[in-house]
Amino acid sequence: MQKLNREEFEEIVKEGIKAIPEKFLQKLKNVEIIIEDEPTPAQRKKLNLHPGWTLFGLYEGVPQLERGAGYNAVLPDKITIFQNPIEAAANNEEDIKEIVKNTVWHEIAHHFGMNEAWVRQAEAKRRGISR
């Protein structure tokens, strides 16, 4: 797959965000979605990501379910979408769009407080896959 320039990839991420149901988009609070080429060494270490493992996206912050009365004046949560691993996994631009859409959905679910097991279960349900 030919590498997209950052502007083209940003447009695909914007499309992925628009694919999230409006009822969820309206409830996003204090979160930024950014694009980076790759996870940083610090992110890889924090996640215990082994060499050769792929990471398409990462949520960093305080999930909404964990925010209490003292949650104020804090920096935004961050959802990072990693362009290079997504492009490496894709065969074409349509694959990139699908991976990005699923990754954005996955990381937003973490923002709402879903742990990895819940997210994977919800993804399977959303895609019509029984587990």
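The numbers here are math on the coordinates, done by the rules we state, and not lab data. If you're wondering where the values come from, they're calculated on a predicted model, not measured in any experiment. Note that we place each Cβ from the backbone using ideal geometry, even for glycine, and neighbour counts take in every protein chain shown.
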Rounded to the nearest 0.05, what FRET efficiency is calculated for Leu65 and Arg120 with R0 set to 22 Å and r the Cβ-Cβ distance?
0.80
If you build a Gaussian network model of the chain, linking Cα atoms that sit under 10 Å apart, which residue out of Ala89, Ala69, Ala109 swings the most?
Ala69
Can you tell which of Ala109, Gly70, Ile34 lies farthest toward the positive end of the dipole of the chain, using +1 and -1 charges on the Cβ of basic and acidic side chains (Lys, Arg; Asp, Glu)?
Gly70
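Mean residue ellipticity at 222 nm from the helices of the chain, using -39,500 (n - 2.57) per DSSP H segment of n ≥ 4 over the full residue count, to the nearest 500 deg cm²/dmol? Display every interim value, and only then the final one.
Details: 6 runs with 61 residues, N = 131.
Helix contribution divided over all residues of the chain: -13500 deg cm²/dmol.
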Going from the fewest other Cβ atoms within 10 Å to the most, one would list Phe112, Phe24 as Phe24, Phe112
Cα Rg over Rh - the chain, Kirkwood
0.96
Förster-model FRET efficiency, 35 Å R0, Glu93 and Lys45, C-beta, rounded to 0.05
0.60
Roughly how many nanometres apart are two label points built 7 Å out from the Cα toward the Cβ at Asn5 and Lys18?
2.0
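Placing +1 at every Lys and Arg Cβ and -1 at every Asp and Glu Cβ, with all other atoms neutral, what dipole size does the chain have around its Cα centre, in debye to the nearest 20?
680
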